[in-house]
Amino acid sequence: MDDSADEYPGATTVGDFRANVARVRARIDAAAERAGRDPAAVRLLPVSKTVPADRVRLAVEAGCRRLGENKVQEAKRKSAELADVDVAWSLIGHLQTNKAKDVVVFADEFQALDSLRVAEALDRRLQAAGRSLDVLVQVNTSAEEQKYGLDPDAVSGFLRELPRFETLRVRGLMTLALFTTDTARVRRCFQTLRETRNRARDTDPDLIGPGELSMGMSGDFEVAVEEGATCVRVGQAIFGARATPDSHYWPDSTTGR
Ligand SMILES: *Cc1c(COP(=O)(O)O)cnc(C)c1O
């Protein structure tokens, strides 16, 4: 997108990061209030993917104590480079079973669980390491347009399989909305996630933890908050526009924003 550099000013100092985070936070709070929700019920997860470790360090200094990363190798490398600072890591992108061992090294939250094979691989590694992992189940709320995530109708059955993986602590659901500027269609994705969570709560209240809804990114987080998000994952509005096209991260998305 040509105007994204204007829309998302870069951040190269601690002060820039403080200002960007404060601006995003204020927009979250306002959206929550519009919807009659408690702003404190929405956490902001800054997403540092593609941003080099020296600049990520400034964001941590500005108060970002948890960061989201979408790719395992990049996240593992950065977490090692920033081992001397106080920051926790959430993996928010698709995981292949053969990378489960790397996740256990750096992450304490995984937001993109979408198969029993991955659950099993993680559980085995976590058992060996003697620790647990917070997980959110990724749901495909846009039907055919994305590859990752469970069909909403499959969520309840999936949740019922998870208690046997004792190291995984289910916290709720996560989704990526459609890649479109059509707000009504984006909103429908968020509503689908909320309805899926509500259904799971009705049928299996013990299986979904606090029932978090991780949804909304730089382009749509206010809509997500209006629809009930408890976690918004925001990269560009905090770190500045990404040079890498989104198709690099979502190879199966068919349209650009
Ligand atoms: C990159 C990414 C985000 C943040 O996107 P921005 O446009 O940078 O806000 C959120 N969620 C996931 C899964 C991502 O990969």
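Bear in mind that the values in this text are calculations on the coordinates, not laboratory data. Because the structure is a prediction, the values reported are computed rather than measured. Every residue, glycine as well, gets a Cβ built from its backbone with ideal geometry; the counts of neighbours run over all protein chains shown.
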### Query
On the given criteria, is Ala241 near the ligand (Cβ under 9 Å from one of its atoms) and of a type in the set (A, V, I, L, M)?
yes
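Quick grid of which residues meet (1) in a helix (DSSP H, G or I); (2) of a type in the set (Gly, Ala, Ser); (3) free of Cβ contacts under 8 Å to residues at least 12 places away in the same chain; (4) more than 24 Å from Thr50 (Cα to Cα):
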| position | (1), (2), (3), (4) |
| --- | --- |
| Asp86 | no, no, no, no |
| Trp89 | no, no, no, no |
| Gly93 | no, yes, no, no |
| Glu109 | no, no, no, no |
| Arg125 | yes, no, no, yes |
| Arg131 | no, no, no, yes |
| Thr141 | no, no, no, yes |
### Query
Only one of (1) away from the ligand (no atom under 15 Å from the Cβ); (2) within 21 Å of Val103 (Cα to Cα); (3) touching a helix residue (DSSP H, G or I) at 6+ places or on another chain (Cβ under 8 Å) fails for Ala200. Which number is that?
(2)
### Query
Of (1) surrounded by fewer than 21 Cβ atoms within 10 Å (Cβ to Cβ); (2) in contact with a Gly (Cβ under 7 Å, 6 or more places away or on another chain), Ser90 satisfies all except one. Which?
(1)
### Task
Kindly indicate the residue of region 208-223 that is hydrophobic (A, V, I, L, M, F, W, C) and within 21 Å of Val170 (Cα to Cα) and also nearest to the ligand (Cβ to nearest atom) among those meeting that condition.
Met215
### Message
Name the residue that is nearest to Met174 (Cα to Cα), counting only residues in region 53-75 that are away from the ligand (no atom under 16 Å from the Cβ) and in contact (Cβ under 8 Å) with a residue 12 or more places away in the chain.
### Response
Arg65
